[in-house]
Amino acid sequence: MTEQTVIQPRLMGRYRNVVLGALAVVLFFAAWQAIFLVVPFNPLFISKPSLIAAGFVDLVASGELFDDLAVSAVPFFLGLGAAVVVGVPLGIVMGWRVRIGYALDPLMTIFYASPLVALAPLLVIFFGVGLPGKTIIVFSLAVFPFIFNACAGVRAVDRRLIDVVRSLGGGEWDLYRKVLLPSVLPFVVAGARIAIGRALIGVLVGEFFAASEGIGFAISRFGDLFAIDKMFACILTVMVIAVVLTEGIRFAERSAFPWRRGQ
Amino acid sequence: MAELQADFAVTAAADAAAPARRLWRRLEPTALGAGGIVGLLLVWQFLPDLVPMKAGTKLFFTVPSDIAGTLWRMFATGSIWAPLGVSAGAFAIGLGLAILAGLPLGILLGRSNVLNAMFDPFITAFNATPRLVFLPLLLLWFGLGLWSKVAIVFLGALFPLLINTYEGVRNADKLLINVVRSFGAGEWDIARLVVVPNALPFIIVGLRLAIGRAVLGVVVAEFFGAQDGLGVVMVRAASEFKVDVVFAGLIVFAVLSLVMTGLVKLIEDRMSRWRPQQVSGD
Amino acid sequence: MAAYIQARNVNLTFRPPNRAPVRALGNFDIDVAEGEFVSIVGPSGCGKSTFLNILLGLIKPDSGDILMHGKKLSGPGTDRAMVFQDFGLLPWRTVEHNIELGLELKKVPAAKRRAIAARLSALVGLAGFEHHYPHELSGGMKQRVGLARALATDPDVLLMDEPFAALDAQTRDLMQVELLRVWREAKKTVLFVTHQIDEAIYLSDRVMVMSKRPGRAKKTFAIDLPRPREYEMRVTPQFNELKLEIWNTLKDEIVV
């Protein structure tokens with residue numbers, strides 16, 4: 001009990017923030033629904049929650065939504081998986097081998113900082129709009145967070161800990177298992193959080209271009225057809241998936257690496 | 001591990017070693033970094049000579065010298081300025097609006113627990129979702145052209161600014177707030193003397209992220225929803241197999257992005273003289 | 001002598017969210033005369049720092065009367081200033097501008113502020129460091145800034161909340177000597193909170209021992225050691241007797 005804690009405002013209770021947040025969301029949708037009682041409703045440009053819900057039910061019942069999501073999921077996970085397999089080892093090598101780090105750092109920074117998405121049209125034309133093209137776009141966007149975070153993780157290893165483990169008689173393998181891995185893993189998982197966002201962009205870019213299936217294609221097709229209800233339903237679905245994925249990783253970070261809480 | 005030991009050994013030896021050795025120690029990161037870039041460019045340049053390619057593949061292939069030539073021509077003839085101007089306009093308006101909206105909102109949410117709790121689900125949702133998903137909707141609302149681009153740039157740049165401002169405001173040291181309060185400061189003085197100076201480095205980092213997002217926003221918006229702009233030039237070039245033009249466009253976007261973030265970094269360093277070390281980004 | 005600061009039956013209970021309420025102060029009384037140097041020692045968490053924050057006007061007690069110079073206390077005021085344990089310097093301001101903080105809020109003109117800051121820098125031994133940032137200073141230097149800042153608004157009462165706790169032992173000893181010198185020159189009423197009995201005896205006219213939570217005044221010791229006090233005084237039998245006496249009063253309150 002330090003004196004400083006007192007000066008913070010007193011909260012009403014444990015669940016106050018959750019309640020307030022839920023209330024705000026409910027209010028938002030209610031206001032959205034209600035506003036068309038006052039403002040004329042043009043179904044070509046805007047939808048309202050009741051119609052979106054109906055559209056969503058339609059899409060689920062017909063199986064369309066699930067099919068599109070399944071199509072999009074394959075390149076998403078393949079590209080993300082490849083990004084982990086390539087990015088993490090590369091990042092570890094860059095962090096551990098000082099000279100390799102020197103040599104590759106500027107190059108990777110340039111790649112990371114440039115809007116690589118700009119190569120998407122090329123990749124689409126070269127590899128097609130199918131699975132390979134999308135997977136490669138996803139990979140090329142998602143690999144960099146893994147490289148950088150794995151590298152940062154290795155560089156963040158406390159050298160004193162290496163000495164401690166050594167002095168206690170630990171060998172090379174113990175160093176990897178007891179010092180390197182616990183230090184790098186949280187960084188990699190944090191990188192995954194960023195990579196997921198970029199992977200989603202990759203899938204959407206690929207599918208907006210010229211695909212004939214997938215959730216991105218569905219959104220742009222419903223837009224072309226002025227099927228706004230279904231378009232909103234798809235957009236909200238993508239939002240929910242994105243939130244579940246990133247918050248899921250956040251949750252995993254909190255429970256798997258409790259010692260890093262607050263970073 | 002061998003590397004680590006070697007490293008310490010070299011450092012220790014360097015103190016006693018000849019000045020040339022010490023100079024090399026200092027230049028090594030730069031030299032190796034430049035070497036990495038030059039090496040990649042060389043391999044790329046001579047790849048067609050080293051690896052036999054099918055005619056179909058050759059169509060999609062370009063080498064750095066061609067890209068450089070194209071880039072040179074684009075600037076020499078001035079053909080780049082019109083599309084670049086269009087892209088830059090959307091970028092500037094979108095980013096400007098994001099700053100105007102993001103900073104006050106970030107400060108507000110940082111100082112009010114209730115508002116923060118209410119906005120939190122929306123910010124979490126929008127921040128987790130790639131803003132690209134809204135593009136078809138924005139195209140429907142704003143039509144092909146400037147304003148749907150501005151909207152996507154705005155959405156992309158808003159959240160890094162908003163969230164970093166918020167974090168910076170939140171991060172304000174309670175002790176320092178108490179200190180200025182003990183000298184009779186009100187809410188306004190607290191904001192002026194503690195909260196804003198403390199949040200500035202965070203806001204600058206947010207601006208750096210926002211610039212990257214804004215450039216990305218311009219590029220993708222122009223790919224799908226525009227009639228002119230540098231992104232449009234790139235998509236057309238891609239469909240005509242002018243691969244060198246696509247790369248030239250990428251390089252222009254990348255250089256602009258790097259230059260702008262570099263400038264912000266300069267401001268950041270200047271303003272952070274009071275800090276013992278750098279603040280971290282996202 | 002009429003008490004300059006007078007606190008009667010001060011009570012305060014913290015009610016943190018999701019946790020059991022904590023009674024910090026229970027019927028706490030204290031009297032301090034003008035120009036007096038009084039130390040409060042007590043076990044960790046006994047509410048001694050809380051009381052300083054109440055005097056400073058940052059926290060309102062649940063009940064009790066606090067009079068300063070016969071007037072009821074209401075909120076922060078320039079008649080009191082605090083020297084904080086963790087310095088509380090604004091990291092983006094130079095030494096000079098940190099010292100000027102309170103003057104700035106009092107809307108003192110810039111030229112006058114600068115003159116006061118220069119005088120106080122010299123008084124606390126910071127001359128030549130006016131344009132340094134806090135991160136360029138040692139802990140002892142930082143607390144000199146904290147002291148100068150507190151003195152800048154020329155308060156009647158100086159509140160010191162374990163001001164030397166963050167310093168190493170040698171720096172701490174040195175700062176105690178410095179503080180006595182500054183106190184002689186500035187002639188302030190000082191209320192000093194500390195964990196160290198040595199420190200309390202060496203500095204004070206009176207030392208109050210507080211009970212464990214909820215904190216109240218357990219016993220007050222008059223320190224009749226002659227002033228000005230030399231460092232050597234700490235090894236006299238008289239000093240050690242006082243130390244033992246205070247320790248015996250304090251030790252029952254310490255909860256491990």
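The values are calculated or read from the model by the stated rules, or taken from the named source; none is laboratory data. Bear in mind the structure is a predicted one, so any value in this text is a computation, not a measurement. Glycine gets a Cβ as well: all are built from the backbone with ideal geometry, and neighbour counts include every protein chain shown. Keep in mind that these areas ignore ligands, DNA and RNA; they rest on the heavy atoms of the full protein, side chains included. Shrake-Rupley method; radii C 1.70, N 1.55, O 1.52, S 1.80 Å.
Tabulated data for the structure shown
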| quantity | calculated |
| --- | --- |
| Helices (runs of 4 or more DSSP H) contained entirely in the range B:171-282, each with at least 2 residues that are of a type in the set (A, V, I, L, M) and more than 8 Å from every other protein chain (Cβ to nearest Cβ) | B:196-224, B:230-239, B:243-271 |
| Members of the range C:7-22 that are under 21 Å from C:Asp79 (Cβ atoms) and either under 14 Å from the mean Cα position of the chain (by Cα) or surrounded by fewer than 18 Cβ atoms within 10 Å (Cβ to Cβ) (or both) | C:Arg8 |
| Of residues in the range B:128-146 being at the interface with chain A (Cβ under 8 Å from one of its Cβ atoms) and not aliphatic (A, V, I, L, M), the one surrounded by the fewest Cβ atoms within 10 Å (Cβ to Cβ) | B:Trp141 |
| Subset of the range A:54-87 that is open to solvent by 40 Å² or more (accessible area, probe 1.4 Å) and without any contact (Cβ under 8 Å) to a residue 12 or more places away in the chain - its residue that is nearest to A:Arg193 (Cα to Cα) | A:Phe77 |
| Check on B:Arg181, touching an Asp or Glu at 6+ places or on another chain (Cβ under 9 Å) and more than 27 Å from B:Leu135 (Cβ to Cβ) | yes |
| Qualifying position, being without any contact (Cβ under 8 Å) to a residue 40 or more places away in the chain, open to solvent by 20 Å² or more (accessible area, probe 1.4 Å) and more than 25 Å from C:Pro76 (Cα to Cα), among B:Leu108, B:Leu103 | B:Leu108 |
| Members of the range B:189-247 found to be in contact with a Pro (Cβ under 9 Å, 6 or more places away or on another chain) and among the polar types (S, T, N, Q), listed by number | B:Asn198, B:Ser239 |
| Matching residues, the range C:204-256, being touching a helix residue (DSSP H, G or I) at 6+ places or on another chain (Cβ under 8 Å) and under 26 Å from C:Pro61 (Cβ atoms) | C:Val207, C:Val209, C:Met210, C:Gly215, C:Lys218, C:Lys219, C:Phe221, C:Leu250 |
| For C:Met82: the one exception among (1) more than 7 Å from chain B (Cβ to nearest Cβ); (2) open to solvent by less than 30 Å² (accessible area, probe 1.4 Å); (3) touching a residue at least 60 places away in the same chain (Cβ under 8 Å) | (1) |
| Yes/no for B:Leu97 being in contact with a Phe, Trp or Tyr (Cβ under 9 Å, 6 or more places away or on another chain) and open to solvent by less than 40 Å² (accessible area, probe 1.4 Å) | no |
| Counted residues, the range C:103-130 - those being open to solvent by 70 Å² or more (accessible area, probe 1.4 Å) and free of Cβ contacts under 8 Å to residues at least 24 places away in the same chain | 6 |
| Conditions (1) at pLDDT 90 or above; (2) in a strand (DSSP E or B): number failed by C:Thr50 | (2) |
| Answer residue from the range C:23-40, given it is among the small types (Gly, Ala, Ser), under 20 Å from C:Asp205 (Cβ atoms) and surrounded by fewer than 19 Cβ atoms within 10 Å (Cβ to Cβ) and is farthest from the chain's Cα centre (by Cα) among those | C:Ala33 |
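The rows are residues; the columns are (1) in contact with a strand residue (DSSP E or B) (Cβ under 6 Å, 6 or more places away or on another chain); (2) more than 24 Å from B:Ile123 (Cβ to Cβ); (3) surrounded by 17 or more Cβ atoms within 10 Å (Cβ to Cβ).
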| residue | (1), (2), (3) |
| --- | --- |
| B:Gly168 | no, no, yes |
| B:Val180 | no, yes, yes |
| B:Gly186 | no, yes, no |
| B:Arg192 | no, yes, no |
| B:Ile203 | no, no, yes |
